[in-house]
Amino acid sequence: MTTLKLDELERFWEMEKDEEEPKPEDDICEQKYINTTTRDLADGRFVVAIPFKKEKELGESRKTAVARLISMEKRFDTRKDLKDDYQKFMQEYQEMGHIKEVEKMGQGKYYLPHQAVIKKESTTTKLRVVFDASAKTTNGYSLNDVMLIGPKLQKYIVDIILKWRMWRYVMSADVEKMYRQIKVREEDQEYQYILWRENPQDKIKEFKLTTVTYGTAAAPFLAVRTLQETGNIYRKTNENVHDVINNDFYMDDLMTGGHTIQECKKLRGELIQALNNSGFHLRKWLSNNPKIIDEYTQETNEIIQIEETDKYPQTKG
């Protein structure tokens, strides 16, 4: 049994920032999303456009990407475990279709350097490949410089947790590889090229990222906005599913519940189906009652207990 203490939730409060005033660019970004977003009829996944600013001319970026790849390979010489994990990550990326090798070299409009980030506390993937969309091109601009960030759509974690603690029965889960379940339209993939090879003796190959990429300025907006768009589909047919998807997620983390076990089980099933229809898979279910997640024993699920402490996080009033 996992005990979740209130003082251990302080890190979530630290992630919150004072609410910013809406900017004109936010409306432009939202309108671009509405005008350009479609769905792939083959699998139901959403296809989005990168919300570029009016000016999006970039300089040469491939040489920087080559230099960063070679530097990383030198690191691999002393860290075989890192090299093996990196190769597994990139292989999985290819097998899932999230990157595709391109035939014509040098056609990318922006080449993203990439590096490894190790998350020792992760219960799933310890290594994540992070793409650097802030790397400057020869004209001084990066991909992030010419991209709209989008409005802040994320709900405040304080509100989500307070509401979560009002239910008798609670459950949580997260969306597996949330960003990568959202496709990027074909013409914008030219701005998401990367370089890779398994060994320094091999010829460098070029790939393009086909999904929303972690490390790009607009990725959080595109991810949350698409999750909410999934919820909007059920606005008229299932108001509860619509409300939970739009209000009970903190990025890819779901925190919701109900007053009865049956209510929770029903909601869980409806959420799984609704999100699966758009390519989002809920995993790592947690609950304070085993009956709520007993059908998912094959996954990494736990029973949690929220422990009261004398220490309460302070918020700025």
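By how many nm would the segment from residue 281 to residue 119 lengthen if fully extended, with 0.36 nm per residue of separation less the alpha-carbon distance?
Between residue 281 and residue 119, full extension yields an extra 56.2 nm.
How many nm separate the modelled label positions at residue 66 and residue 27, each set 7 Å beyond the Cα in the direction of the Cβ?
If labels sit at residue 66 and residue 27, their model points lie 4.6 nm apart.
How much FRET efficiency would the formula 1/(1 + (r/R0)^6) give for residue 186 and residue 228, where r is the Cβ-Cβ distance and R0 is 35 Å, rounded to 0.05? Walk me through the intermediate numbers first.
On the way: r = 24 Å, r/R0 = 0.69.
It comes out at approximately 0.90.
Rounding to the nearest 20 debye, state how big the charge dipole of region 169-236 is about its Cα centre with +1 on each Lys and Arg Cβ and -1 on each Asp and Glu Cβ. If you can, show how the numbers build up before the last one.
Numbers: 11 positive and 10 negative charges, 44 e Å.
Value, rounded to 20: 220 debye.
Kindly state, to the nearest 0.05, the FRET efficiency for residue 89 paired with residue 42, given R0 = 35 Å and r defined as their beta-carbon distance. If you can, show how the numbers build up before the last one.
On the way: r = 25 Å, r/R0 = 0.73.
The calculated FRET efficiency here is 0.85.
By a straight-distance test (C-alpha under 19 Å), which lysines pair with residue 54 as possible cross-link partners, with residues fewer than eight away in the same chain excluded?
23, 32, 109, 136
Multiply the residue gap between residue 81 and residue 202 by 0.36 nm, knock off their C-alpha separation, and tell me the result in nm, one decimal place.
Working: separation 121, 0.36 × 121 = 43.56 nm, distance 1.96 nm.
So the extension gain works out to 41.6 nm.
Could you sort 31-41, 47-57 so that the peptide with the highest average Cβ count within 10 Å comes first and the rest follow in order?
Values: 31-41: 13.3, 47-57: 16.1.
Packing proxy ranking, top to bottom: 47-57, 31-41.
Quick note: the coordinates plus some simple rules give every number you see, no bench work behind them. It should be emphasised that the depicted structure is a prediction, and the values quoted were computed from it without experimental measurement. Positions of Cβ are backbone-derived with ideal geometry, glycine not excepted, and every protein chain shown enters the neighbour counts.
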